[in-house]
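Q: Before anything else, here's the structure in question.
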Amino acid sequence: QVQLVESGGGLVQPGGSLRLSCAASGAFFSIYTVGWYRQAPGKQRDLVATITSTFTTNYATSVKGRFTISRDNAKNTVYLQMNNLKPEDTAIYYCNAESRMWGRGTQVTVSS
């Protein structure tokens, strides 16, 4: 069981970068698969990227090559480095552990 808090969102120009952080507290964080999800207004919440306890990663096709998920278990933190951001990346980004424990999200807005 963990508690998750996202941070790092904001307003960025197209082509810019942001790094999101998901800070966790509680037991067993290092054994959990952690994912980043996003939800735009009027749309479903979609998977962005995941990272397992053994540091295996996967990505949604829409972000592959632009986003990188990583984790630092010593800091109980998972990151999402987002490069070459596009307006369609605008969403609330949520951190998730084991597909059932959620943070409250951080807003990312990509706009000129």
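The values are calculated or read from the model by the stated rules, or taken from the named source; none is laboratory data. Bear in mind that the values here come from a model prediction, so they are computed numbers and not experimental data. Here the Cβ positions follow ideal geometry from the backbone for every residue, glycine too, while neighbour counts run over all protein chains shown. Accessible surface is based on the protein model in full, side chains and every heavy atom, while ligands, DNA and RNA are left aside. Shrake-Rupley method; radii C 1.70, N 1.55, O 1.52, S 1.80 Å.
Q: What part of the accessible area of the chain, given as a whole %, is carbon or sulfur when the probe is 1.4 angstrom?
A: 49 percent
Q: Moving on. For S53, list long-range residues whose amide hydrogen, built 1.01 Å from N in the peptide plane, is under 5 Å from its own amide hydrogen.
A: Here the answer is T33, since their amide H atoms fall under 5 Å of that of S53.
Q: Per residue of the stretch 15-22, in order, report the coupling 6.51 cos²θ - 1.76 cosθ + 1.60 (Karplus, θ = phi - 60°) as ³J(HN,Hα) in whole Hz, putting x for Gly and Pro.
A: The phi angles translate into x, x, 10, 9, 10, 8, 10, 10 Hz.
Q: Sort out for me the Cα centre separation of the stretch 66-112 from the stretch 21-36, rounded to whole Å.
A: Each part's Cα centre sits 13 Å from the other's.
Q: Could you order peptides 38-44, 99-105 by the average number of other Cβ atoms within 10 Å of their residues, highest first?
A: Top to bottom by mean Cβ count within 10 Å: 99-105, 38-44.
Q: For the chain, what size does the Cα cloud have along each of its three principal axes, sorted from largest down, in whole Å?
A: 41, 25, 22
Q: Could I ask something else about it? Return the sequence-ordered ³J(HN,Hα) values of the stretch 82-89 in whole Hz as given by the Karplus equation 6.51 cos²θ - 1.76 cosθ + 1.60 applied to θ = phi - 60°, using x for Gly and Pro.
A: 10, 10, 6, 5, 10, x, 5, 7
Q: How far, in nm, would the chain grow between R45 and S111 when pulled straight, counting 0.36 nm per residue and subtracting the alpha carbon separation?
A: 21.7 nm
Q: What does the accessible area per residue of the stretch 39-112 come to in Å², with a 1.4 Å probe and no ligands, DNA or RNA counted?
A: Ligands and nucleic acids excluded, the result is 54 Å² per residue.
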